[in-house]
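A.B. asks: First the structure, then my questions, so here it is.
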Amino acid sequence: MASVEPEKPTPTRIMGVLNVTPDSFYDGGQLDSPAAAAACAARMKAEGADLLDLGGESSRPGAAPLSAAEELTRVLPPLSALTAVGLPISVDTYHAETARRALEAGATMINDITALRGDPEMADVIAEAGCPCVLMHMRGHPATMQENPKYRDVVSDICAFFEERLNALTRRGIPERRFWLDPGFGFGKTVAHNLALLQRLREFKRFGLPLLIGTSNKSTIGTVLDLPVEDRMEGTAATVAIAIWNGADCVRVHDVKRMARVARMSDAIVAGRIG
């Protein structure tokens, strides 16, 4: 009988979430100064984070958009403090000006929830910087994305979306190898859609690009377990383990200490060995 053990050549990377927002669904308002953000980043590094994702605008369902100018006032002050921590820093933005300024200030990656559709200048920023960039799938915008989301087939539709985006962006002069893909768990999807993404995550490996998944503490976990946002650790752990088994290369998490342990155990199971 043929083995069904998936290949896992490298350890899963841990992306620690740093939200410098007053209204994020899980940790809004907690990092209210550059010093607090730097302390959190140092703790995440000690707990096993491989990179950090700094966000200045909440993308929770129903969130109103933020101007680039306001986003910059939130992102730039902590960014200068975070660079001293010594981890690669991704900035979660769809504004070209925020991305440009953040990269100049020491960020090394951009995480764009609109897959470079939100600002017509973003592709030029990425092309000029030569940095990695996450392309995430989202139906609509955070303010409207959960209004009756429908797909013919959620995984096939998202694969088609990624194919279109990659074709369009390589024509803009960005090498395909610079992109990471994120299917957008919780962004314009029902609970059933989100569960299907985890079940069939490996189908996104057809692109041969790093696959990022962000399930941490999201509402699908709360719905399945009937738990509030502050009590979803075990549910998050289950989604992280399943995502790694199904091919995730990086998991974006709030609780780095516990999820790094889950990732190490999951990697060992997938590889069938320690280290």
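The values are calculated or read from the model by the stated rules, or taken from the named source; none is laboratory data. Note that the coordinates shown come from a computational prediction; the quantities given were computed from them, not determined experimentally. Note that each Cβ is placed from the backbone with ideal geometry, even for glycine, and that neighbours are counted across all protein chains shown.
A.B. asks: Count, please, the residues in the range 165-195 that happen to be free of Cβ contacts under 8 Å to residues at least 12 places away in the same chain and not charged (D, E, K, R).
C.D. replies: So the count comes out to 5.
A.B. asks: Of 66, 103, 76, which residue is out of contact with any helix residue (DSSP H, G or I) (no Cβ under 6 Å at 6 or more places or on another chain), outside any loop (DSSP other than H, G, I, E, B) and among the hydrophobic types (A, V, I, L, M, F, W, C)?
C.D. replies: 76
A.B. asks: Which one of these does residue 167 not meet: (1) surrounded by 14 or more Cβ atoms within 10 Å (Cβ to Cβ); (2) farther than 22 Å from residue 13 by Cβ; (3) of a type outside the set (Ser, Thr, Tyr)?
C.D. replies: (1) is the only condition that residue 167 fails.
A.B. asks: Within the bounds of the range 22-43, is there any residue that is of a type in the set (Asp, Glu) and either at pLDDT 90 or above or buried (at least 16 other Cβ atoms within 10 Å of the Cβ) (or both)?
C.D. replies: Yes, the conditions are met somewhere in the range 22-43.
A.B. asks: For the range 143-158, what are the residues that are in a helix (DSSP H, G or I) and over 17 Å from the mean Cα position of the chain (by Cα)?
C.D. replies: 154, 155, 156, 157
A.B. asks: Against the definition (out of contact with any Asp or Glu (no Cβ under 9 Å at 6 or more places or on another chain), surrounded by fewer than 24 Cβ atoms within 10 Å (Cβ to Cβ), among the aliphatic types (A, V, I, L, M) and closer than 26 Å to residue 185 by Cα), how does residue 46 come out, yes or no?
C.D. replies: Criteria not met by residue 46.
A.B. asks: List every residue pair whose Cβ atoms lie under 7 Å apart, where the two residues are 6 or more positions apart in sequence or sit on different chains, the first residue falls within the range 255-275 and is over 30 Å from residue 19 (Cα atoms), and the second residue, located anywhere, is surrounded by 15 or more Cβ atoms within 10 Å (Cβ to Cβ).
C.D. replies: 270/8; 270/244; 270/245; 271/8
A.B. asks: If we keep just the residues of the range 81-100 that are free of Cβ contacts under 8 Å to residues at least 40 places away in the same chain and in a helix (DSSP H, G or I), which is surrounded by the most Cβ atoms within 10 Å (Cβ to Cβ)?
C.D. replies: Per the stated criteria, the residue is 99.
A.B. asks: Residue by residue through the range 210-235, note down the ones that are over 21 Å from residue 92 (Cα atoms) and buried (at least 20 other Cβ atoms within 10 Å of the Cβ).
C.D. replies: 220, 221, 232, 235
A.B. asks: Being in contact with a Gly (Cβ under 9 Å, 6 or more places away or on another chain), hydroxyl-bearing (Ser, Thr, Tyr) and under 21 Å from residue 167 (Cα atoms) is the filter here, so list the residues in the range 89-119 that pass it.
C.D. replies: Passing the criteria: only 94.
A.B. asks: If I ask for residues that are farther than 16 Å from residue 12 by Cα, part of a helix (DSSP H, G or I), at pLDDT 95 or above and not hydrophobic (A, V, I, L, M, F, W, C), which ones from the range 224-275 would you list?
C.D. replies: If the condition is that a residue be farther than 16 Å from residue 12 by Cα, part of a helix (DSSP H, G or I), at pLDDT 95 or above and not hydrophobic (A, V, I, L, M, F, W, C), then 231, 234, 235 are the ones that fit.
A.B. asks: Related question: What pairs come up if the first residue lies in the range 197-226 and is within 18 Å of residue 17 (Cβ to Cβ) and in contact (Cβ under 8 Å) with a residue 24 or more places away in the chain, the second is assigned to a strand (DSSP E or B) and acidic (Asp, Glu), and their beta carbons are under 7 Å apart, counting only those six or more places apart or on different chains?
C.D. replies: From the range 197-226, the pairs are 212/182; 213/182; 214/182.
A.B. asks: Among the listed residues 184, 188, 118, 140, which satisfies the condition of being modelled with pLDDT under 95, surrounded by 17 or more Cβ atoms within 10 Å (Cβ to Cβ) and not in a helix (DSSP H, G or I)?
C.D. replies: Of the residues listed, the single one that is modelled with pLDDT under 95, surrounded by 17 or more Cβ atoms within 10 Å (Cβ to Cβ) and not in a helix (DSSP H, G or I) is 188.
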